[in-house]
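Everything on this sheet refers to the single structure shown next.
Laboratory data are not the source of any read-out in this text; all were calculated from the coordinates shown. What you are looking at is a predicted structure, and each value in this text was computed from that prediction instead of being measured.
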Amino acid sequence: MSRKICITASDRERLLKLIRKEREFGSAKNKEYLKDLEQELSRAEVLPSTQIPANAITMNSKVLLKDLETGEETVYTLVYPEDADLSEDKLSVLAPVGTAILGYREGDTIDWKVPGGIVRLKVEKLLYQPEAAGDYHL
């Protein structure tokens, strides 16, 4: 969790609003995840959407992850909580793995605490990133 990550300014702004809203109105079970997300945001390099590296995971990015313990590969789209739907492989940024992958890049390895212990993931491929595709909306 010590590697420098980068995120867009618009993602950071929207995520900070989400954290404030969840703290005020959300469930107690999200408190630890909110803290983790807030820590990630505080250490991230914040860049304009037009300057974010094309291989960095931003909100609404679609990514191929490999579990380095099991070898299992999974494709997820990183989304805001209201858009999360695991049946469609849409992973909330408030889920432990969602928080973990935000800002990382292709080839990066991530060790992250999840309810079952520590998961070790490798970002195999970034399949879609909104900013690289010219989609700069919130």
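Ignoring lysines fewer than eight residues from residue 62 along the same chain, the ones with Cα atoms less than 20 angstrom from its Cα are 90, 122, 125. Here is how the number arises for the chain: DSSP H runs of 4 or more residues each give -39500 (n - 2.57), the sum is divided by the residue count, and the result at 222 nm is -8000 deg cm²/dmol. Residue-wise HN-Hα couplings along region 122-134, as the Karplus relation 6.51 cos²θ - 1.76 cosθ + 1.60 with θ = phi - 60° gives them from phi, are 10, 7, 6, 7, 8, 7, 7, 10, x, 5, 5, 8, x Hz; Gly and Pro carry x.
Each residue of region 92-109 was assigned a 3J(HN,Hα) from its phi angle through the Karplus expression (A = 6.51, B = -1.76, C = 1.60, θ = phi - 60°), giving 5, 5, 7, 6, x, 5, x, 4, 4, 7, 3, x, 7, 10, 3, x, 5, 10 Hz with x at Gly and Pro.
Residues in region 32-37 carry Karplus couplings, in order, of 5, 5, 5, 4, 4, 5 Hz; the curve used is 6.51 cos²θ - 1.76 cosθ + 1.60 with θ = phi - 60°, and Gly or Pro positions show x.
Once you've got the GNM for the chain with C-alpha springs shorter than 10 Å, pick whichever of 42, 92, 61 has the biggest mean-square fluctuation. Between 42, 92, 61, it is 42 that shows the largest mean-square fluctuation.
Taking amide H as placed 1.01 Å from N in the peptide plane, residue 90 has its amide H under 5 Å from the amide H of 77, 85, each at least 5 places away in sequence or on another chain.
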